[in-house]
Amino acid sequence: MSFIKTALGSAAALAVLAGAALAEPALMYDLGGKFDKSFNEAAYNGAQRWAEETGESYQEIEVTAEAQRVQFATRLAEAGYNPIVVLGFQNAATVEEVAPKYPDTKFAIIDVSWLDIPNLQQISFAEHEGSYLVGMLAAMASKSGTVGFIGGMDVPLIRHFACGYAQGAKAVNPDINVVANMTGTTPAAWNDPVKGGELTKGQISQGADVVYAAAGGTGVGVLQAAADGNILSIGVDSNQNYLHPGKVLTSMLKRVDNAVYDVFKNGVDGFEPGVMTMGLDNDGVGYALDEYNEALITDEMKAAVDDAKAKIIAGDIEVVSYYANDSCPALDF
Amino acid sequence: MDVIPKWADAILIPLISILLAFIISALVILAIGEDPVRALQLMVQGTFGNSAGIGFMLFYATNFIFTGLAVAIAFHARLFNIGGEGQATLGGLGVALVCLSLPWPHWTLALPAALIGGALFGAFWALIPAYLQAKRGSHIVITTIMFNFIASAVMVYLLVEVLKPAGSMDPASPRFPEGAHLPRMSDILGAVGIPFSDAAPVNVSFFVALLACYLFWLLVWRTRLGYEIRAYGQSESAARYAGISPTRIILITMLISGALAGAMAINNVMAAERLVLNSVEGAGFIGIAVALMGRSHPFGVLLASLLFGFLVQGGAEIDFWTNIPRELIVVIQALVILFTGALDNMVRMPLAKVFLMLRKREG
């Protein structure tokens, strides 16, 4: 009897919680975890920035299993959170299923651009353009003529990064050798710094002197091994220059934080459905330049990259997207 | 002489083990400054408080029943199949290929075909380690776990290069045809007038899993093959003396084991209606814990699967509503596995003393 009472009590508490949650925004992370020093963490930083500026709070949830995607998205919508930001292309099917059931709830999804749902904002990033710029920097910084790329899993999104990187490197030096490795074949590959470090050592022995990591939490190990091996590395998603000052050439910024921040800030009233592409033109992607790496980026390098950036925005340079026809002109997989 | 009565062995020992695991988990939760009572309330309320929670528990449990039975049948022949993960992964491929190959008119046709497809692929994946064990003496623990990695690598290749629709960013197969849609529990119970949430993915596969439990019992305790498997497991030399071929038993047992693990895919892949990377999500490994806890008996496997289904679903609820980090939920699951599987004797020996004392007093 007392158990039933406490159970009812907790149900009441949940109901109160749900009531208080009304119009609070929510953020649903993708597999890989909140503190991956990369994609998910960038989203977290954006949400935190919003919370600190407004003094308001938000709900967050980490997905740990496929079946939980729809479960959690439904729970968030049912509990009255609005808007709901969902991270990752793997959740495309999730919002496809959940968003039409809750037409009054505003959804936003990052890394998806091909759905057609009236209460959904889709934000995709031109990662290949940002990767092109850091590829140029890598080729200009490289003395050996070999640059490396370390991805998480061999999935289209990561090929998309690698493809832009290779095109940028070859634009600077057509003879450059791009070595690409993937960390693993299970989701553990996104959080395996030890393996990342081993792959980096392998690439160093193949002559690479700049290594670009697009592998989530694995990248921490890549950056560490590169710093230990006295070569340069390139971070991804968040600005990772500070991790090893003077050893990280730059970071390919993918401003997921800005995207989340904007959706939270615009709230329900300022919600804009449709597709938004974050590219070089609106600083959705770019390369990081701060006090930790200014000594590594010479004026000529900066001038060349900024020139290429302007040309990409103007359409004079076309960076081929891996998605265009599932292949890459500069790199074989 | 058995000091502990059978009922105590089957029920009391696991219950005490679970209780110990929960007490230590509560201490850990207290240590990080959270309220263990509230955590337990959330787990129970979030699982049994509504039909969606029950549905998710049963969905996870269905996976664990299949992989648990897979490990259990191998245990009976004293083989340690830790390749359930890879066999279920390949089973998913078999199910996906069957579902995509034909425009299925109705699920009643698609389900048996997919079941056979999944079981065949799973059995095939177990056959190679079984052959190596039987003929070459390569230890099955090593080979099956290596085959898990090969399976995940094969899936990445197939999903990225072959099965993925052109131009899609998502490394996943196309959606299965409408006719391969399995009725969910809400459809089944709705037909007889019982309301059930349609949010949970639990489906007709749950009943297939129950049937598999029954067939498992029939096979192991009521057939000649089952007797041979158990005889081989008890003593290889005695079985050999009785004219039982070890090669044959190893191969057949592992084929059944792989088929059971592969059959799990009718639940996780067919219900999701497309094949994604990492669709098994560790169910193959949880199957080991389930089989250990269930004493390799189908009814025990069923109960243990329900417990682990509860832990996964309840853990998600804790994750959702509290600041308890999700790693701690893994700790709780690990403690349950530790106490029920590895620390069995810690409970058994004191309990045996208690029963001995009781018996002396009676005598």
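The values are calculated or read from the model by the stated rules, or taken from the named source; none is laboratory data. Please read all numbers here as calculations on a predicted model, not as lab measurements. Cβ coordinates were reconstructed from backbone atoms using ideal geometry, including for glycine residues, and neighbour counts include every protein chain displayed.
Structure notes:
- Looking across the range A:315-325, the residues that are in contact with a Gly (Cβ under 9 Å, 6 or more places away or on another chain) and surrounded by fewer than 17 Cβ atoms within 10 Å (Cβ to Cβ) come down to A:V320, A:S321, A:A324, A:N325.
- Tallying residues that are more than 17 Å from B:M293 (Cβ to Cβ), assigned to a helix (DSSP H, G or I) and not charged (D, E, K, R) within the range B:341-363 yields 8.
- Failed item in (1) more than 26 Å from the chain's Cα centre (by Cα); (2) within 13 Å of chain A (Cβ to nearest Cβ); (3) touching a residue at least 12 places away in the same chain (Cβ under 8 Å), with B:I150 passing the rest: (1)
- Some residue of the range B:214-222 being within 15 Å of the chain's Cα centre (by Cα), crowded, with 19+ Cβ neighbours inside 10 Å and more than 18 Å from B:G300 (Cα to Cα): no
- Where a residue in the range A:220-234 is free of Cβ contacts under 8 Å to residues at least 24 places away in the same chain and not assigned by TED's automatic domain parsing to the domain that holds A:K247 and its partner, wherever it lies, is part of a strand (DSSP E or B) and of a type in the set (A, V, I, L, M), with Cβ under 9 Å and at least six apart: none
- Scanning the range B:304-340 for residues that are away from chain A (no Cβ under 14 Å) and either free of Cβ contacts under 8 Å to residues at least 24 places away in the same chain or not in a helix (DSSP H, G or I) (or both) turns up just one, B:A334.
- Comparison of A:S238, A:S233 shows that the only residue that is of a type in the set (G, A, S), modelled with pLDDT under 95 and crowded, with 21+ Cβ neighbours inside 10 Å is A:S238.
- Of all residues in the range A:263-290 being in contact (Cβ under 8 Å) with a residue 24 or more places away in the chain and of a type in the set (D, E, K, R), the one that is farthest from A:D111 (Cα to Cα): A:D290
- Candidates A:A295, A:A226 - the one that is exposed (fewer than 14 other Cβ atoms within 10 Å of the Cβ) and either within 26 Å of A:A23 (Cβ to Cβ) or at pLDDT 90 or above (or both): A:A295
- Residue within the range B:344-353 that is basic (K, R), over 11 Å from the mean Cα position of the chain (by Cα) and within 14 Å of chain A (Cβ to nearest Cβ) present: no
- For the range A:184-202, the count of residues that are surrounded by fewer than 24 Cβ atoms within 10 Å (Cβ to Cβ), out of contact with any Ser or Thr (no Cβ under 6 Å at 6 or more places or on another chain) and in a loop (DSSP other than H, G, I, E, B) is zero.
- Scan the range B:161-198 for residues that are hydrophobic (A, V, I, L, M, F, W, C), farther than 24 Å from A:E97 by Cβ and part of a helix (DSSP H, G or I) and the total you get is 1.
- All helices (runs of 4 or more DSSP H) inside the range A:19-134 with 1 or more residues being away from chain B (no Cβ under 12 Å), modelled with pLDDT of 85 or more and surrounded by 18 or more Cβ atoms within 10 Å (Cβ to Cβ): A:39-54, A:92-98
- Residues that are surrounded by fewer than 17 Cβ atoms within 10 Å (Cβ to Cβ) and either in contact with a strand residue (DSSP E or B) (Cβ under 7 Å, 6 or more places away or on another chain) or not in a helix (DSSP H, G or I) (or both) within the range B:35-67 comprise B:D35, B:N50, listed in sequence order.
- First in the range B:24-44 and within 21 Å of B:L338 (Cβ to Cβ) and away from chain A (no Cβ under 11 Å), second anywhere and of a type in the set (S, T, N, Q) and not in a loop (DSSP other than H, G, I, E, B), Cβ under 9 Å, 6 or more apart: B:P36/B:S25
- Checking each residue in the range B:290-303 for being in a helix (DSSP H, G or I) and either surrounded by fewer than 24 Cβ atoms within 10 Å (Cβ to Cβ) or at pLDDT 90 or above (or both) picks out B:V290, B:A291, B:L292, B:P298, B:F299, B:G300, B:V301, B:L302, B:L303.
- Checking each residue in the range A:302-333 for being within 14 Å of chain B (Cβ to nearest Cβ), part of a helix (DSSP H, G or I) and either in contact (Cβ under 8 Å) with a residue 12 or more places away in the chain or more than 19 Å from B:V162 (Cα to Cα) (or both) picks out A:Y322, A:Y323.
- Residue match in the range A:163-170 (condition: within 14 Å of another protein chain (Cβ to nearest Cβ), touching a residue at least 60 places away in the same chain (Cβ under 8 Å) and under 28 Å from A:V305 (Cα atoms)): yes
- Sole exception among (1) under 29 Å from B:S296 (Cα atoms); (2) small (G, A, S); (3) more than 12 Å from chain A (Cβ to nearest Cβ) for B:S51, by number: (1)
- Among residues of the range A:230-256, those that are over 16 Å from A:V134 (Cα atoms) and in contact with a strand residue (DSSP E or B) (Cβ under 9 Å, 6 or more places away or on another chain), counted: 4
- For the range B:233-277, the helices (runs of 4 or more DSSP H) that sit wholly inside it and include 1 or more residues that are surrounded by fewer than 18 Cβ atoms within 10 Å (Cβ to Cβ) are B:236-241, B:246-263.
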